[in-house]
Structure formats: structure tokens, C-alpha cells
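Just below is one structure, and these are the notes that go with it.
The values are calculated or read from the model by the stated rules, or taken from the named source; none is laboratory data. These numbers were taken from a predicted model, which means no experiment stands behind them. No Cβ is skipped: glycine too gets one built from the backbone with ideal geometry, and neighbour counts run over all protein chains shown.
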Amino acid sequence: MRIFVTGATGFIGSNLIKALARQTNHAPCILRKMSSTFEFEKDIKSGCEMFELDANADNIYQIIQSARPDMIIHLASLTQRGDRKGQIDQLIQSNILFPTKLLEAMVGSGVKHFINTGTSWEHFNGCEDYDPVDLYASTKKAFEDILQYYVNAHNINALTIKLFDTYGPNDLRPKLFSFFKNANNQEPTDLSPGEQYLDLLYIDDVTSAYIKAIDYLTLRKHGNLESVFIGYGQSYQLKEIVSMYENISGTPLNIRWGGRAYREREVMRAQANIKESREKLNWKPKVDLREGLSKLLSFDDK
């Protein structure tokens, strides 16, 4: 099966490409921007086809038409950081305009399977109804509404994976454990009061969920749009996570609790309901937080 992956140079995408490349029944194809400087390992790169998007992704129609993939996994995304007003154009272009072009290219080439990536932040503090945490989450939902049209009008089989927080080795994103690496310096690292609960999923469990989703979507006969939450299914308070990290690493972290205020609409309770992902995808996470932190710290020590 030929599988196109957008966002293949990101943390999740690059790990998914590696996981797909290890499977003989899947032929991953990397879709990336011409401006990308990310380099895959030689053995991975040699086993994948590489396609480069022009500045406005206008060549996506020709790429899909010539390559004819069996499925597209959409991971490319822009998250909101800092000044919201300065990012509106980029958020809309990356999270709405580009994937809509991708869907239109699919229709023109007869591609019928699409795995979309959403976010748990579409559900503020774990509420079941749609309640976006920020503008980024709003753009993810806006695209999913567009996806519903393509599903209804063009019989596309689609599944949205709504991810909770993810982590693992070689993660260059400015995430929680990146702060921890610098928190044993003499200068204290400012964090929020630390009362929020987080659901953290190790990268190997993330990629296994996407592979299970491929199998599920391939067997489904009729065009439909479903969504599942993908997380560990258990949450820990931030202060607990810090304590666990210190215990496993053997290094105390120099943290000033409350040195940073909670963000606007801070998510105080995050815990994935993974019942449907277990039932539909036959997937469940294997790496608990303690084991995941041990793997992460062992890798960092190499």
C-alpha cells in the first residue's frame, strides 16, 4: 500500500515514516516543503519516495495525480505560539487551506482513504462537546468540517485521530521535557503553579495507533468520517510528573513553581477516553509514563 504522509519531517511524522518503512506491506511516501532541511537516515530515505511541495502547495494536484497513493495520512500542522494576531494567516494557510487542496487533489485522482490528525484541544478540559482551547484548535475543527463535505460528496473514507500530548527521544519541539533538560542549572526554571493534569503518550504508542488506523480504514467499505481520541488514558498532575522525572533521572530540577502564570484557557484536566480507539482500532498503549521517561532519559544519556 502506497501511503502519503504530510508533516513527515516533524517529530510524529518522522517516527511514523520509520515505523512504516519497517513494514513490508506499506510503501511510505514523504510529502514535504521544498524549504525543509530535515534529513532522514539513509536507509529510510532510500526506501521512501520523496515529493516536494512548492511555496503555495499548488503542485499538490500534479503530485497526487502522478503518484496515485492508496491513502494519505495528514500530520502537517501549525500550532499557535505567542502572538495570535501575527499568526492568523499562517494558521489558516497551514491548517485549513493546504489540507483542503489535498482533499481536492484526492478527489481528482480517485484516492479514497484519509487519516486526519486533530487535537484534544478541541475539547477544553476534556468536555465532550466542541470547545476550542485556542485559535489553533479552531482551525483544526474548521478543516474537519470541510473534510465532512468531501466525505459526504465524494465517498471518502476518513478518520480523525485526536491526539493528546506526545513525547519521546529526539523531540525538538519546545515541549515540557525540553524545559526539564535545562531545569537543573543554577538559574531556576519558571513554571506555572503545576496543578494541571496531563495525559502523555510515548511516541511508539503514537505510531502504533496510526498503523492500526491504516488497517481499520482499509477494511471499511463505505465513505464515512469518524474520530477517536489517542492518549495514554491516564493523567498525572504536573508536580507528580516532575517528581517522577527527578526520581528516574536522579537529578533534582531547579523549578520555581508559580513563576509563570497559567496561560489563557489553560487546560487543567486532560485525560483521553480511549474506549473507542480500543474497540475500533484494536489499539491500546503499552508504555506507561515511568517506562517512557526511563526510555527518554536513557536515550539522552547516550
Please work out which residue is farthest from N155 (Cα to Cα), limiting yourself to the stretch 202-223 and to residues that are touching a residue at least 12 places away in the same chain (Cβ under 8 Å) and hydrophobic (A, V, I, L, M, F, W, C). I203
Could you grab me the full set of residues in the stretch 273-289 that are assigned to a loop (DSSP other than H, G, I, E, B), closer than 16 Å to L163 by Cβ and not charged (D, E, K, R)? N273, I274, W283, P285, V287
Can you find a residue that is under 16 Å from E226 (Cβ atoms) and free of Cβ contacts under 8 Å to residues at least 60 places away in the same chain anywhere in the stretch 93-107? no
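Listed here are the residues, each with its yes/no results for (1) under 20 Å from S208 (Cα atoms); (2) modelled with pLDDT of 85 or more; (3) of a type outside the set (K, R).
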{"residue": "T9", "(1), (2), (3)": "yes, yes, yes"}
{"residue": "C29", "(1), (2), (3)": "yes, yes, yes"}
{"residue": "F38", "(1), (2), (3)": "no, no, yes"}
{"residue": "K42", "(1), (2), (3)": "no, no, no"}
{"residue": "K45", "(1), (2), (3)": "no, no, no"}
{"residue": "E52", "(1), (2), (3)": "no, yes, yes"}
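I need the helices (runs of 4 or more DSSP H) fully contained in the stretch 172-272, keeping only those with at least 2 residues that are among the small types (G, A, S) and surrounded by fewer than 20 Cβ atoms within 10 Å (Cβ to Cβ).
Qualifying helices (runs of 4 or more DSSP H): 238-249.
Conditions (1) within 23 Å of A57 (Cα to Cα); (2) touching a strand residue (DSSP E or B) at 6+ places or on another chain (Cβ under 7 Å); (3) crowded, with 18+ Cβ neighbours inside 10 Å, marked per residue:
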{"residue": "V107", "(1), (2), (3)": "yes, no, no"}
{"residue": "W121", "(1), (2), (3)": "no, no, yes"}
{"residue": "F124", "(1), (2), (3)": "no, yes, yes"}
{"residue": "E128", "(1), (2), (3)": "no, no, no"}
Any idea which residue in the stretch 274-299 is farthest from F229 (Cα to Cα), counting only those that are of a type outside the set (A, V, I, L, M), surrounded by 13 or more Cβ atoms within 10 Å (Cβ to Cβ) and in contact (Cβ under 8 Å) with a residue 60 or more places away in the chain? K295
Single unsatisfied condition, N155 versus (1) crowded, with 19+ Cβ neighbours inside 10 Å; (2) under 28 Å from K275 (Cα atoms); (3) of a type outside the set (D, E): (1)
Within the stretch 59-80, identify whether any single residue is over 22 Å from Y210 (Cα atoms), among the acidic types (D, E) and at pLDDT 95 or above, and answer yes or no. no
Using the structure shown, decide if L176 is of a type outside the set (D, E), more than 30 Å from V111 (Cα to Cα) and either over 16 Å from the mean Cα position of the chain (by Cα) or modelled with pLDDT of 95 or more (or both). no
For the stretch 137-158, name all the residues that are of a type in the set (G, A, S) and under 16 Å from R220 (Cβ atoms). A158
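Which of the helices (runs of 4 or more DSSP H) contained wholly in the stretch 1-72 include at least 3 residues that are in contact (Cβ under 8 Å) with a residue 12 or more places away in the chain, more than 20 Å from the chain's Cα centre (by Cα) and surrounded by 15 or more Cβ atoms within 10 Å (Cβ to Cβ)?
So the answer is 60-67.
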Within the group F164, F143, which residue is in contact (Cβ under 8 Å) with a residue 24 or more places away in the chain, over 27 Å from K295 (Cβ atoms) and either out of contact with any helix residue (DSSP H, G or I) (no Cβ under 8 Å at 6 or more places or on another chain) or buried (at least 20 other Cβ atoms within 10 Å of the Cβ) (or both)? F143
